[in-house]
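Visitor: Sharing a structure here in structure tokens format.
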Amino acid sequence: MIRPIEEAHIGECVDVIRSSFMPVAREFGITAENAPRYVAFATTPERLRRQFFEERRPMFAYFNPDGKIVGYYSLRLEGDGQCELNNLCVLPSFRHQGIGEKLLRHAFAEAKARGCRVMNIGIVEENTVLRRWYESFGFEHVRVERYDFFPFTVGRMIKTL
């Protein structure tokens, strides 16, 4: 079941985000030393609290039948009909069960309900499996960006909602 998170869920969401992004970090040689700003290392309870309370980002989690959070995403509302999908993730042991698709489709509906017409995402460009997954839901790859603080490139994708 997907539902909005509450303040009490923030710590669990941090754990889910960090755990979910670690396999990608390992696969692509991303470490806390060479990319401390990468989501698996930079996500903290303080950061999520700021996004929750100050930025008022819509945040949602997928709860399994036991009430455990196994997936997560947030939206950064950018104005002018645009939003950015952030940290869509599913714990590795719960992948390939359709949870990521459910979260993504929920994000589309939520973004539309909030007046978004275009959804943006940034991914590790070298992660071609993830890129193809997003493309299968209608995202288009629009550019590649390089940042001095990342040892990988960032692929930017958009979807018209």
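Visitor: Checking residue 146 against (1) crowded, with 16+ Cβ neighbours inside 10 Å; (2) more than 20 Å from residue 101 (Cα to Cα); (3) not aliphatic (A, V, I, L, M), only one condition comes out false. Which one?
Guide: All conditions pass for residue 146, except number (1).
Visitor: Do any strands (runs of 3 or more DSSP E) lying entirely in segment 88-161 carry at least 1 residues that are among the hydroxyl-bearing types (Ser, Thr, Tyr), modelled with pLDDT under 95 and over 16 Å from the mean Cα position of the chain (by Cα), and which ones are they?
Guide: Counting at least 1 such residues, we get 153-160.
Visitor: Right, something else. Keeping to segment 88-109, report how many residues are in contact (Cβ under 8 Å) with a residue 40 or more places away in the chain and buried (at least 18 other Cβ atoms within 10 Å of the Cβ).
Guide: 5
Visitor: So, in segment 30-64, exactly how many residues are more than 25 Å from residue 108 (Cα to Cα), out of contact with any Pro (no Cβ under 7 Å at 6 or more places or on another chain) and not aliphatic (A, V, I, L, M)?
Guide: The number of residues fulfilling the criteria is 8.
The values are calculated or read from the model by the stated rules, or taken from the named source; none is laboratory data. Here the structure is a predicted model, which is why all the values come from computation and not from measurement. We place every Cβ from the backbone using ideal geometry, glycine too, and count neighbours over all the protein chains shown.
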